[in-house]
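Enquirer: Submitted below is the structure of interest, expressed as structure tokens.
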Amino acid sequence: ARATVLTHATSIMSRVRKEGDQSRTAKLFTGAEIPLLGLGTWKSKPGEVKRAVEHAIDLGYRHIDCAHVYGNEKEIGEALKSATGGAVTRQDLFITSKLWNTFHHPDDVKPALQETLKNLQLDYVDLYLIHWPVGLERGDSLFPKNEDGTMRYDYTPLIDTWRAMEKLVDDGLAKHIGLSNCNSKQLAKVYEQARVLPAALQCECHPYLTQLPLISFCRDRGIVFEAYSPLGSPDRPWAKPDDPALLQDPKLDAIAKKYNKTPAQILIRYHIDRNVVVLPKSVTPSRIEANFQVYDFQLTGEDIAQIETFNRDWRACLPTIKNAEGQDIVRDGAHPEFPFHEPF
């Protein structure tokens, strides 16, 4: 198994290095470039996120990852407005947002993006993703629930939502469209029926969830893979004391000491060296800076192979609810589009 991982890591390294030792972008199927390092904004609170985005752009970040459900796009829009118009222009930036689960009905897709564009103070986004394949009931609530706490679902076929997404490209409101939190079967179904191909797939990805088969599946189809929660989402609200703590892994710490870098910097560079877009989130100026200081070194193929042996197929971001006995159960497991029943 280790030999397979090593071969995989070496092949990725050779392919990336052919493109230049310090490539900072990946190519989408259109030929457009997407920065490999972006600023994630999930859990970034209003009052903090504006300064974080402004600081990131000042440092050299050119990729900002947003979503309607994060509840902070208005403030991000203020940051984008203040940060552009001088040395940095709108065309220098790559802005992603996501269609929330309550807007899967085809009639809701365009109004949802128009609301995001209004909040972000933009004419278009560079990439618009279906946030989750699981639809939730249409209406004003972002998390519609029954009296017993279970979710109220929508069952719009994913391909019908995709058809409405394609029209956003026709209308110039999104340069590219893609998916998030989907498995290979869902991705293949959309890919095979699409008029406008999916440009990217964004999923949780880190050394405890390496996603190697899914990344390979995307590469074979010219789809860029993006990694959210690349540090293992240590600040997730539902974390339990006995959950795995990726940043405290002693094997990771040993690799970090070898390069005189922090564990977080190793995790970010791990994705860049695999030509995977990586989206660390922070609102702390020093961490935003440290997360960007990853272009003065590269991991060896052997170290990438070692990091990939950490895999335990563990998800930090798996929505759960409590059942009648008070036990945590997977929230959306009975929905026909729940993505994580498949191996990848």
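The values are calculated or read from the model by the stated rules, or taken from the named source; none is laboratory data. Everything quoted here is computed from the prediction, not taken from an experiment. Neighbour counts run over all protein chains shown; Cβ positions are idealised from the backbone, glycine included. Protein only, heavy atoms only, side chains kept; ligands, DNA and RNA dropped before computing areas. Shrake-Rupley method; radii C 1.70, N 1.55, O 1.52, S 1.80 Å.
Enquirer: Give the residues of region 267-278 that are open to solvent by less than 10 Å² (accessible area, probe 1.4 Å) and either hydrophobic (A, V, I, L, M, F, W, C) or in contact with a helix residue (DSSP H, G or I) (Cβ under 9 Å, 6 or more places away or on another chain) (or both), sorted by residue number.
Expert: If the condition is that a residue be open to solvent by less than 10 Å² (accessible area, probe 1.4 Å) and either hydrophobic (A, V, I, L, M, F, W, C) or in contact with a helix residue (DSSP H, G or I) (Cβ under 9 Å, 6 or more places away or on another chain) (or both), then Leu267, Ile268, Arg269, Tyr270, Ile272, Asp273, Arg274, Val276, Val277, Val278 are the ones that fit.
Enquirer: Let me ask something additional. Check whether at least one residue in region 176-190 is within 20 Å of the chain's Cα centre (by Cα), assigned to a loop (DSSP other than H, G, I, E, B), surrounded by 15 or more Cβ atoms within 10 Å (Cβ to Cβ) and small (Gly, Ala, Ser), and report yes or no. Step through it out loud before you land on a result.
Expert: The initial filter retains those residues of region 176-190 that are within 20 Å of the chain's Cα centre (by Cα), namely 176-188, 190.
Narrowing the set further to residues that are assigned to a loop (DSSP other than H, G, I, E, B) leaves 181-183.
Adding the requirement that they be surrounded by 15 or more Cβ atoms within 10 Å (Cβ to Cβ) leaves 181-183.
When the remaining residues are screened for being small (Gly, Ala, Ser), the result is none.
No, there is no match, as no residue in region 176-190 is within 20 Å of the chain's Cα centre (by Cα), assigned to a loop (DSSP other than H, G, I, E, B), surrounded by 15 or more Cβ atoms within 10 Å (Cβ to Cβ) and small (Gly, Ala, Ser).
Enquirer: Another question about this same structure. Could you identify the single residue in Thr102, Thr156, Thr89 that is polar (S, T, N, Q) and closer than 23 Å to Ala32 by Cα? Full working, then the answer.
Expert: Numbers: Thr102 fails: closer than 23 Å to Ala32 by Cα; Thr156 fails: closer than 23 Å to Ala32 by Cα.
Just one listed residue meets the conditions, Thr89.
Enquirer: Sort through Asp171, Asp235, Asp160 and tell me the only one that's of a type in the set (D, E, K, R) and in contact with a helix residue (DSSP H, G or I) (Cβ under 6 Å, 6 or more places away or on another chain).
Expert: Numbers: Asp171 fails: in contact with a helix residue (DSSP H, G or I) (Cβ under 6 Å, 6 or more places away or on another chain); Asp235 fails: in contact with a helix residue (DSSP H, G or I) (Cβ under 6 Å, 6 or more places away or on another chain).
So the residue among Asp171, Asp235, Asp160 that is of a type in the set (D, E, K, R) and in contact with a helix residue (DSSP H, G or I) (Cβ under 6 Å, 6 or more places away or on another chain) is Asp160.
Enquirer: With respect to Arg62, determine if the residue is open to solvent by 60 Å² or more (accessible area, probe 1.4 Å), under 20 Å from the mean Cα position of the chain (by Cα), of a type outside the set (Phe, Trp, Tyr) and closer than 22 Å to Leu179 by Cα.
Expert: Yes, satisfied.
Enquirer: On the basis of being outside any strand (DSSP E or B), open to solvent by 10 Å² or more (accessible area, probe 1.4 Å) and over 20 Å from Ser180 (Cβ atoms), does Gly77 make the cut?
Expert: no
Enquirer: While we're looking at this one, here's another question. Working only within region 84-111, note down all residues that are at pLDDT 95 or above and small (Gly, Ala, Ser).
Expert: Listed by number, the list holds a single entry, Ser97.
Enquirer: Could you run through region 310-323 and say how many residues are open to solvent by 100 Å² or more (accessible area, probe 1.4 Å) and in a loop (DSSP other than H, G, I, E, B)?
Expert: Total meeting the criteria: 2.
Enquirer: Here's another thing I want to ask about it. When region 163-175 is examined, which residues are found to be open to solvent by 60 Å² or more (accessible area, probe 1.4 Å) and assigned to a loop (DSSP other than H, G, I, E, B)?
Expert: Asp171
Enquirer: Considering region 83-111 alone, what residues qualify as being part of a helix (DSSP H, G or I), closer than 22 Å to Asp160 by Cα and open to solvent by 10 Å² or more (accessible area, probe 1.4 Å)?
Expert: Phe103, Pro106, Asp107, Asp108, Lys110, Pro111
Enquirer: Can you list residue pairs whose Cβ atoms sit under 8 Å apart, with the first residue in region 198-218 being in a strand (DSSP E or B) and the second being surrounded by fewer than 20 Cβ atoms within 10 Å (Cβ to Cβ) and among the charged types (D, E, K, R)? Count only pairs 6 or more apart in sequence or on different chains.
Expert: Pairs found: Glu204/Arg315; Leu209/Arg312; Leu209/Asp313; Leu209/Arg315.
Enquirer: For region 238-251, which residues satisfy the criterion of being assigned to a loop (DSSP other than H, G, I, E, B) and either surrounded by 20 or more Cβ atoms within 10 Å (Cβ to Cβ) or aliphatic (A, V, I, L, M) (or both)?
Expert: Ala239, Ala245 - these are the residues of region 238-251 that are assigned to a loop (DSSP other than H, G, I, E, B) and either surrounded by 20 or more Cβ atoms within 10 Å (Cβ to Cβ) or aliphatic (A, V, I, L, M) (or both).
Enquirer: Report, by residue number, each residue of region 114-162 that is of a type in the set (D, E, K, R), outside any loop (DSSP other than H, G, I, E, B) and under 24 Å from Ile95 (Cα atoms).
Expert: Once the filter is applied, which keeps residues that are of a type in the set (D, E, K, R), outside any loop (DSSP other than H, G, I, E, B) and under 24 Å from Ile95 (Cα atoms), region 114-162 yields Glu115, Lys118, Asp126.
Enquirer: Same structure again: Would you point out the residue of region 283-300, among those that are touching a strand residue (DSSP E or B) at 6+ places or on another chain (Cβ under 8 Å) and part of a helix (DSSP H, G or I), that is most open to solvent (accessible area, probe 1.4 Å)?
Expert: Here the residue is Phe292.
Enquirer: Next question, about the same structure. For region 252-266, give me each residue that is open to solvent by 10 Å² or more (accessible area, probe 1.4 Å), under 16 Å from Ser233 (Cα atoms) and of a type in the set (A, V, I, L, M, F, W, C).
Expert: Ala264
Enquirer: Is it the case that region 226-237 has a residue that's open to solvent by 10 Å² or more (accessible area, probe 1.4 Å), among the acidic types (Asp, Glu) and modelled with pLDDT under 95?
Expert: yes
Enquirer: Has region 154-162 got any residue that is open to solvent by less than 30 Å² (accessible area, probe 1.4 Å), more than 30 Å from Ala334 (Cα to Cα) and of a type outside the set (A, V, I, L, M)?
Expert: no
Enquirer: Related question: Which members of region 23-53 meet the condition of being free of Cβ contacts under 8 Å to residues at least 60 places away in the same chain, surrounded by 15 or more Cβ atoms within 10 Å (Cβ to Cβ) and under 18 Å from Lys81 (Cα atoms)?
Expert: Hits for region 23-53 are Lys50, Val53.
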